[in-house]
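Below: one structure, written as structure tokens.
The values are calculated or read from the model by the stated rules, or taken from the named source; none is laboratory data. Predicted, not measured: the structure shown is a model, and the values here were computed from it. Cβ placement follows ideal geometry from the backbone for every residue including glycine, while neighbour counts extend to all protein chains displayed. In case anyone asks, the SASA skips ligands and DNA or RNA and just uses the protein heavy atoms, side chains included. Shrake-Rupley method; radii C 1.70, N 1.55, O 1.52, S 1.80 Å.
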Amino acid sequence: MNKRTLLKSMTALSAGALLAGAMLPAAAQDTVKIGLILPMTGPFASTGRQIDGAARLYMQQNGATVAGKKIELILKDDAGAPDTTKRLAQELIVNDKVTFLAGFGLTPLALATAPLATEGKVPMIVMAAGTSIITDRSPFIVRTGFTLPQTTYPIADWAAKNNIKKAVTLVSDFAPGVDAETVFKSRFTAAGGQVLAELRVPLRNPDFAPFLQRVRDASPDAVFVFVPSGVGSIFMKQFAERGLDKAGIKIIGPGDVTDDDILNDMGDVALGVVTSHHYSAAHPSAMNKAYVEAFRKMNNIRPNFMSVGGYDGMALIYKALAATKGDTNGEKLVAAMKGLSWESPRGPLTIDAQFREPVQNMYIRKVEKVGNELHNVEFETLTAVKDPTKVAK
Ligand code: PHB
């Protein structure tokens, strides 16, 4: 190479470097964006409020920098409409160049977005939605909440062992409700129980009254209920109004129906309701006591099970970025997430390496008065529970 060509290539090189610098200003290179899409308005706004509050609490407690990168949370409200979730996710990927998508308050919202995570190779953290198939829809989906089969089967087994012989199932008519109904029926009948009727109530503007009349007519020992977070108080009110509590019909289910966000206002009808779930605000660990106190201080509400999906979703993002040393490649980040374990306010939590699902304790709990408040008081623990429909190969 003669002097002139050397000089030329050096100029080209520095021009190239300058250009690259202009295209990627230092601030952009050093910032990792998380697109958090949640229902902040509409009938499922409590889920949005819980998860957003928990994500912000995590950042307040752990700082806004990981592996030298500044973390920026971009909150978008999808109002619970799948088309909106999908459009917002597209904009976050293309315009904002987010490294992570997170949130997903309902199953249809997660399913609508899954193809975009795959196309864009963007890790998608499902913090709320609980239908089992969600994580099968993209290798970039990792879940930090729960699955309905996981939260349902322990109460089916418990009911069969505790003198409940006949049950009616009553679920919200969408995918997680169908998951809950299917798993309850198969476990409960395998253990000798009988399902007298399977009722599905519309998800939007539910009127439980006609369904509760059918429950009453069947006179089961218990009604197995799944309604999404935020809807439990309407169910409880109508249950009491129709006198089903006086008729001696017990309520059982996964813990969505005695959601901690609204439990305290349900009144005496909720007392004694037994559910299985991964989180109770009354979980007696030191970490959870500190969590509940800090969450209440910051957000003025009691944290519920949705909140821990958000809190641990942020923990997962922070831990994955630390493991890749700030590398934002989507495949590397998902690889780093697989098999991670840590202590959550709910108890020990592991991300299953094969299915990208949470492995966690399930607690059997009963609603009791603690001081002046209603709480889900845990009295039995099943450790390291997986989604029973996902069997390792
Ligand atoms: C869901 O849409 O998957 C979902 C929503 C609320 C719940 C549980 C599951 O409480």
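Worth a mention:
- Note on the stretch 70-93 and the stretch 258-301: Cα centroid distance 28 Å, given to the nearest whole angstrom.
- Debye intensity ratio in log₁₀ form over the Cα atoms of the stretch 27-147, taken at each q of 0.12, 0.13, 0.20 Å⁻¹: -0.39, -0.46, -1.10
- Helical runs (DSSP H, four residues minimum) scored at -39500 (n - 2.57) apiece and divided by the length of the chain put the mean residue ellipticity at 222 nm at -13000 deg cm²/dmol.
- A simple packing score, the average count of other Cβ atoms within 10 Å per residue, orders the peptides 105-113, 160-168 as 105-113, 160-168, with the highest score first.
- Overall dimensions of the stretch 133-234, expressed as equivalent-ellipsoid semi-axes from the Cα gyration tensor (√(5λ), whole Å, largest first), are 24, 19, 10.
- In this structure the chain gives 42 Å² per residue of accessible area when probed at 1.4 Å with all protein chains present.
- Spread of Cα-to-Cα distances over 20 Å intervals beginning at zero, given as percent, for the chain: 28, 53, 14, 4, 1
- Mean separation of Cα contacts under 8 Å (6+ apart) over length of the chain, as relative contact order %: 17 percent
- The Cα trace of the stretch 26-81 gives Rg and Dmax of 13.1, 41 Å, the first to one decimal, the second as a whole number.
- Within-12-Å neighbourhood charge of GLY347 [Cβ basis; K, R +1; D, E -1]: -2
- Principal-axis tilt of helix 209-218 within the chain, Cα atoms, nearest 10 degrees: 50 degrees
- Angle of helix 175-190 to the longest C-alpha principal axis of the chain, folded into 0 to 90 degrees and rounded to 10: 50°.
- When the Cα positions of ALA197, ALA45, PRO210 are compared along the charge dipole of the chain, ALA45 comes out farthest toward the positive end, with charges on each C-beta of Lys, Arg, Asp and Glu.
- Per-pair calculated FRET efficiency, R0 = 51 Å: THR381 and ALA322 via Cβ, rounded to 0.05: 0.95
- Simple spin-label estimate for ILE234 and ILE301 in nanometres, 7 Å along Cα-Cβ: 1.6 nm
- Distance from the alpha carbon centroid of the stretch 173-221 to that of the stretch 225-245 works out to 13 angstrom.
- A simple charge model with +1 on the Cβ of Lys and Arg, -1 on the Cβ of Asp and Glu and nothing else charged puts the dipole of the chain at about 1100 debye relative to its Cα centre.
- Of ALA320, ALA159, ALA218, the one that fluctuates the most in a GNM where the chain has Cα springs shorter than 10 Å: ALA218
- Cα-based Rg and Dmax for the stretch 189-232, where Dmax is the largest Cα-Cα distance (Å): 11.9, 35
- Listed peptides 145-151, 305-311 by packing density, highest first (mean Cβ within 10 Å): 305-311, 145-151
- Segment LYS338-GLU241, extension gain: residue separation times 0.36 nm, minus the distance between their alpha carbons: 30.2 nm
- Given charges at beta-carbon only (K, R positive; D, E negative), |dipole| of the stretch 270-393 in Debye: 100 debye
- For the stretch 299-393, diffusion coefficient by Stokes-Einstein and Kirkwood Rh (Cα), 10 °C, 1.306 mPa s, µm²/s: 104 µm²/s
- The C-alpha atoms of the chain define a longest principal axis, and helix 45-62 lies at about 50 degrees to it.
- The simple Förster model, with R0 at 35 Å and r as the Cβ-Cβ distance, assigns ALA190 and LYS70 a FRET efficiency of 0.10.
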